[in-house]
Structure formats: structure tokens, C-alpha cells
1. Of the candidates A:53, A:128, A:156, which one comes out as most mobile in a Gaussian network treatment of chain A with C-alpha springs shorter than 10 Å?
2. Can you tell me the length gained on complete extension of the stretch residue A:14 to residue A:103, counting 0.36 nm per residue apart and subtracting the Cα distance?
3. Average partner chain C-beta neighbours within 10 Å, per residue of A:270-282?
4. Quick check on region B:348-431: what are the equivalent-ellipsoid semi-axes from the Cα gyration tensor, as sqrt(5λ), descending, whole Å?
5. Between residue A:323 and residue B:239, what is the label-point separation in nm under the 7 Å Cα-to-beta-carbon projection?
6. Modelled label-to-label distance, residue B:110 and residue A:316, 7 Å Cα→beta-carbon offset: nm?
7. If Lys and Arg each add +1 and Asp and Glu each add -1, what is the summed charge of the other residues whose beta carbon sits under 15 Å from the beta carbon of residue A:222?
8. Can you give the mean number of other chain Cβ atoms that lie within 10 Å of the Cβ atoms in peptide A:198-207?
Amino acid sequence: METVQNTNKFIQRMKFVIKDYASEISILCGLIILCAILSIASPYFLQVQNFLNIGVYISVAGTMAAGLTVVMLMGCMDLSQYSVMAAIGMMVAILLNNGVNAILCIFIAIATGACVGCLNAFAVTKMNIVPMIATIATQLMARAVAFLSTGGKYLNIKNAVFKTIGFGDFLGVPILIWVLIIFNVSLAFILKNTSFGRKVYAVGGNPTACKLSGINVNKMRLVGYIISGASAGIASILSISQVSAALPTAGSGQEMDCVAAVFLGGLSLGGGKGRIVGTFIGVTLIAVLMNGMTLLSLDAYYQIFLKGFVLLLAVYLDQVRQARNRL
Amino acid sequence: MFYIAVFLFLHERVESLSEFALKMEGIYKEFPGVVAVNMVDLEVRHGEVLALIGENGAGKSTMIKILSGAYSCDKGTIYVDGKEMGRYTPKQAIDSGISVIYQELNYLNYMSVAENIFIGNIPLKKKSRLVDYAELKRRSIEVQKMVGLEHIDPMTTMGQLSVSEKQLVEIGRAYARNVKILVMDEPTSALNDRECEKLFQLIDMLKKQGKAIIYISHKLDEVVRVSDRIQVMRDGRSVGVKNANDITKNEMVNMMVGRTITEMYPISKREIGEPLLEVRGMTNHFLKDVSFTLHKGEILGLFGLMGAGCDEIVRTLFGLMPLSSGEIFVDGKKVAIKSSKDAIKNGMAYVPSERKTEGLILMQSVKANIVLLQIDKLMKNFTVDKNRETELALEWSKKLNVKAPGIDTITESLSGGNQQKVVLAKWMLNKPKILILNEPTKGIDVGAKVEIYKLIEDFCKQGLGVIMVSSEMAEVMFTSDRVHVVYNGEIRAEFTKEEVTQEKILQRAMGE
């Protein structure tokens, strides 16, 4: 008798979980189908080395997308991340070439990212500029700084610490991926279990109600932008380590990748709903897609086209979900 | 050929002369958690004014929105001029002669009076298809004469007009669209006596032209003055239609409320304690020298017409609007309130008038909403103490009798009354001293209203002071221990429960 009840309870619990995670599960299904198609289409796809390649690509995008998720959960937007990443990368390379300690450089990179986050938050909360416009403006400015730092030239990096980050591994898994996983898991933990995380969801759900309940909405948004800026700082370290060079053009043309990933993962433009897990699956899906096209040696211009299409599809999915919620 | 044409013409005339301009039969509309309109019939004849009265949440607005095409009804049929309408859009409603003038006027602030009247139907020059301004002005003047606005230049921008003039422009717009059925929702809420009288004269004239008019109002005097028949709604049902000559105001009230005053407002005498909150000379860009005192266990009612300043008083008190001069004392100590956070720290709680947009996080659960203010205090070992969270939410949803399948239910799916109880639970959990209620029973069904009054009384018995803003006269009169009447950003009068009458309040609220 008791076991029957327990099974029933378990089934109910599972139903609840499936409903709760519906958007994550559906995007995961999409990812699996895509992988299945690619493994048939290309003999190279299912190889370990290929997965490591995908992982390395995700390490940069996935770190920033996690930071972006926090901002977007509060109904804001950050399009400046990739340019900020490039600018900070240039700065770190200059510092390294001038003999600054590598560990100190990493801290400076993260702190600079956080400062840019503050700037974004200032524009959004104090100057009341629409987040999308404000961060497009900082995106342009950061890109200009990246070019101005060397007049457009790239800089080589020959530092041992950075070499280890870029090419070393720990327990057989590249350090890049460790960084990605640790950052994602800790952010997911914070969002789920701390009062800060609860307030992030509350602010996204209804900023006015939060303000009336004594929550400092602007302060929350500031912290959100700091997190997304800092994630760009971390990503810059990963990015320059991967190629042993800092490029002022790094990430140009990829500015919308993270946004697409976040939408694919189940967040809505208004905020208040979604999880880091979803974003992570979204990033992976985009990475696999790009990887597959390279394996099938499709023209790079088609890849740009497809990215645009994925972005459209991702935001459309959000619209469909919202329309269904309204019924 | 000619005869056929004459026949058709006459036939159409006969049809349009069917006795009722509008007939709504068996209208039924359900929203998640509440039946808004339950099998209601409504009929208006040509050249007749039907008053539709009832308390807030009785279903009047839902009926009107169904008529205007904004909602479609779940069951029921609508006939205009004897013709069945089927499902229709707001545009189709306008085309078939139905016009609604809402309490919140709908106009284009930066466009001219003439353009506002003829919006969607602006005359164009034959050849060039450009706007024919000469014709537009000529036609606008014609309509303006109709509604008594001939003294205004048709090219004046709408924003420069007074509220009553704007309203007349809206009536003009309906007229220009050849309205057959005109609905007015609380048209006098922002008008003074003289402007009201002008409006009534206009209504009489429209009536003579054979227009059917549905008139919605809370003010029973003007209902008697203006209407031929009166239909009363309560709890989503129609509870009777009477000729305006055959019904007294008392009968109307009894039909609207459906229960005696002590059943409706179960608030008994309490012990009023020492002063809890004192406001002295509160002034800002909207308020002028507002002073009042709230005692422990007391319910202080604030009443004012739309835009009078009640909302601003409580919002300033709660730190949501800046205070340019004046002092606030809590428990005899002077406090500085610059934000809602300061207000909360000083023991205040604020239940806003817009439950859905300001009170709740609709996409979140009952639990998340109830513990929102406590979330920082619930942190233990770097994580939220989930057991304690559940405990608190269960305890308080039970205390306030929130009817929901569980505390994990999303608040969006609850009825208005239960949503309001969740908002109250959130605040009461924070143990406030001063509870500020802004329209606490707006859009809530009568049963839940009574429950909420009971809760408010309980809170008062525990020593809380309650400030209640309400636009419902009966609510203010029968729940408050004292009533302050607000007009133009000032407190104009103060009445005790014994002194207060509807006439006194209204007079002062109109600024007389």
C-alpha cells in the first residue's frame, strides 16, 4: 500500500519536474537530435578531439552567457560583452608584455570587466537608457578601445601561466572547461539557493512590486551588470590563452551568440524565468551547430546566415512560450 | 425597379425600428478563478437611458467590454437593432454603432480637437488624397456645436482642454461615427456640478434623437436624474431592472449590496490607542500642507475623487514620491523617509491599488510572494533556509485564509480576493505598525471583500493603525473611524464615523 503511494508521489513529483523544466528539456532534445544528424553526416563529429574542440569554443561563450543570464533574468540586456572581452584581452597582453605578474593580470582583467559592468549599470539605472541601446553604445566604445590600444595590431602572448590555462588539463579535462564549469555551477547555485538569487527572479518578475517591497532594484541590476562584466573579464583570459595572442577583433560578429543561447535556453525578454542550465544547453547547441557546419565544410558566410536564423528562432520560441502562458 | 428600391428602403427602416436598440441575452463570462458575468440579460430601447449600477466587481465593466468587443463572451447572444451579432471585434462594434466612453478617456493628446473627433475617418481631397483641412474644420465645427463646444477652435490641441471638454470631444467622436448605442462609464467622476448638468442636458438631447444610452455610475442621485430605467448588478448577476420613477435610493443600495450594512462591513468598535503616526505639513509638487494623525487600532479613511491626491498622500508617506517639506513622526520620533526601504524600516506596510502590476509577482508562487520581504533574513549558511520558508508561507497563508491548491501555486491563477490576501500576508508577516491600504477591495468579489474587512479589523485589534484610501464611498463611510476628505492635494475636511454622510463627503470632495 505504502509503496503504491510512494510510486504515485514519485510520478507526481516527476510530472512537476518535467513541467517545470519543459523549456530546458525541449532544447536538450533539439541538441540530441542535432548531434544525431551530425554524427551520421560527418565521421569526424563523434570523436573525442572534436568534443574537446566544441568544449573549448563553449568555454568563452558559455562563461559570458552565464553572466548574461543573470542580467537578462532581471529583464535587462548586455550586448557589450564580446567587445569588452576583446578590449580587456588587449589590455592584459600589454600588461604582460610590460612584465606585470600573470596572476595579477587575471585579477585586473576581472576587476576591469566589473568596472565596465558598473558603467553599463549607471547608463541603465541612473541615465534611464534602454538596456539594449546603452550596451550597444558601450559595445562600440569598447571595440574602439581594443583597436586604439595597438592601432589595430594583435599582440602575442608567451606567458607560462597563460599557456597552462589555454592548453593544460586537469584530470584529463582542459582547464578552460574547468573554469567554464566552475563558473556556471557556482552561478547556478547562487541563483537557486541564495536570497540574492531569489531577488534576481523577483526583480525580473515584477520590478515595481519589488521596489514597493523595499528591494533596491537598481542595486540588484548593478550587481547583475557587475557579474556579466566580470564574466567578460574571465572570458578574455580564456580567449587570449586559447590562441596565445590578443586580437582587437576577437569576438566581432559573435555579439549576439550569447543572447541567442540565453533565449534558446528558456529565458524571456521580460526576465523572471529561466535557468543557467538552459543557457548552457543553448550555448552548446549553437556551438555544435557551428562545429557541424565547419565539419561539413560549409562556407563561413552561410554560418553567419544560420546564426541570424537561430537568433530569430530563439526569440520566436520566447514569444510562443509567452503566448501559451497568457492563455 | 423603383418599387423594389422603396420596398427595400422601407423594409430596412422597419427592421431598424425593432423595439430594442440593443439586446444582450444570457451573457456568461468566466475568468480564471472567477465568474465575472453570470447569465445576464440587458435591453435598451431607442431613445432610452438605461443606468447600470452595482458595486465594484459586480460585473458592469465586463458587460461593457463584451459589448464593445474587447472581450468575447463564453455564452450568450447580442442583438443590435434586432440583428444577431455573433463574434465581433472592437472595430466591428464601432462600425455597427456601438461607442463606449471609458472613465479613463482615450484621446490623442498632441493632436487637434478636429482630428480627435474624426480619427480614422479624416476627410481627404478627391484628387490628391491629401487631408482636406477646410472640410475637416467645417465638419468638426458641426459636431462641436452638437456637444456644446462651439467656442473652441477645431485646431486647438487636445491637451489644452479641460477634462470635461475632453469628455465632450469623445462624445463628439461617437456622434461623428453615427453612434446608435452610447455607453458612458462613470462620466461624471471628474466633473463639477455645472459641468455635470451640461452633460445631462447633452444626454437628454441625444435621447431625443433616438440614441440608446447605457449610463454607468456610482452616484445614485445622478442615476435618478438621467435615466429611464435602472438595472442593478451584483456578484456578476443581474438582480433586477426597475423604472427610475419606481425605485428609491435606499432600495437601490439594498439591491446593490444584497446584505445589510453590518453584514457587509463587519467592523465593530475598538479601543483607539495613543498616536502612532503624525504627519505635519507634508508638501511637495502635488500636496499642500497635509497634516493628520493616526492612532493605534484606528482605521483612518482617505476619500477623494479621481486625481484629488489621496494616492499621492500615501505614496509620499511611503517614500515613493519626494517630500519637499513637512515632518513625519512615528511613535513620537521624527523619521526621515526617502524610500520604501526607509518606510518599511519604520514599521510601515503598503498595499498598492494595482494588485497585479504593483503588488504581486504574478509569475511566482504564493510562497515566493509571501516571503519576499523576509528573504534576506532567511539566509542560513549561505543558502535560503527552505524549510523555514515553507513553514512561514504555510502559517501565513492559513492565517489569512488564502484559498489556493497549495503554496506552490502561481499567484496569477488565483482570484482577485485571494491575490489580495497574499499581498496582505506578505506585509503582515513583516510585523508592521502602520498598514497603508490603497483601494484594498478593488475588483474583488463581495464575499472576499467581507473577509478582507474582517482581517483589517483583526489587525486593528492587534494594535495596528490602518490608513485606507478608497474611492468607494460606502467602504470609507462604514469601515473608517475617521474620514479625511481630500481635494486638490489638500485635506479639506475631517469627519468622525458619527458625523459622516454621503452628501457631506461628496460636497467636500468636489471642493465646495
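Nothing in this text is a laboratory measurement; each read-out follows from the coordinates by a stated rule. Computed from a predicted model, the values in this text were never measured in an experiment. We place every Cβ from the backbone using ideal geometry, glycine too, and count neighbours over all the protein chains shown.
1. Checking each option, the largest mean-square fluctuation is seen for A:128.
2. So the extension gain works out to 27.5 nm.
3. 1
4. The answer is 20, 14, 12 Å, longest axis first.
5. 4.2 nm
6. Between residue B:110 and residue A:316, the label points sit 3.5 nm apart.
7. +4
8. That works out to 5 on average.
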